[in-house]
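Asker: To start, I am sharing the structure in question, which I have written as structure tokens.
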């Protein structure tokens, strides 16, 4: 699915690589199991950067996970990376689909990011039609929803004590889907 040159970070994250992260970048991220008490990170998988926000001197990144392409038909909420040139540009080895409605917030210091030998978790970037689809989907309303969700998470969910980094580095928060976002036409892209 991706070139396997990455290593799990487990606390070795260089904080400044996030300064260059842009929407459309593909990063390797190991997501904790949603259920169960495992503290062990699974294997990393490709995640698409939807947006990055600064809230109270903390960086939050909104990601959407990649999955194998299940259908040849591309829905308006999906970005299929399936052509050889786009697969290579995204740092992948096989076709993948990103469902833009399934977004999560993670803090910049999250231990799930998997660094490349370059010191960054970025493995590639969307190009061409796929990048255009992402930019069309990134309406001001969705970006504002992401920012408000990050602000809410910073205020209510993330540990207030900066010394409690262990807890902060494991949080993964789903983006609340606004009614106005769900009501938008599926022909917008």
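Asker: If packing is taken as the mean number of other Cβ atoms within 10 Å per residue, what is the order of 96-102, 72-78, highest first? Please list the in-between numbers first.
Answerer: Working: 96-102: 19.0, 72-78: 13.3.
In decreasing order of mean packing, 96-102, 72-78 become 96-102, 72-78.
Asker: Label segment 101-142 by shape, choosing from rounded, prolate and oblate, from the square roots a ≥ b ≥ c of the eigenvalues of the Cα gyration tensor; if a/c is under 1.5 it is rounded, and otherwise prolate applies when a/b is larger than b/c, oblate when it is not.
Answerer: Values: a/c = 3.33, a/b = 1.45, b/c = 2.30.
Oblate shape, in that a/c is at least 1.5 and b/c is the bigger or equal ratio.
Asker: What whole-number distance in Å separates the alpha-carbon centres of segment 116-134 and segment 41-93?
Answerer: 8 Å
Asker: What shape does segment 67-146 have by the C-alpha gyration tensor, where a ≥ b ≥ c are the square roots of the eigenvalues, rounded means a/c under 1.5, and otherwise prolate means a/b greater than b/c and oblate the rest? Mind showing how you got there, number by number?
Answerer: Details: a/c = 1.74, a/b = 1.08, b/c = 1.62.
Note, shape of segment 67-146 comes out oblate.
Just so you know, all these numbers are worked out from the coordinates, no wet-lab data involved. This one's a predicted model, so the numbers in the text were calculated from it and none came from an experiment. For neighbour counting, all protein chains shown are included, and Cβ atoms are generated from backbone atoms with ideal geometry for every residue, glycine included.
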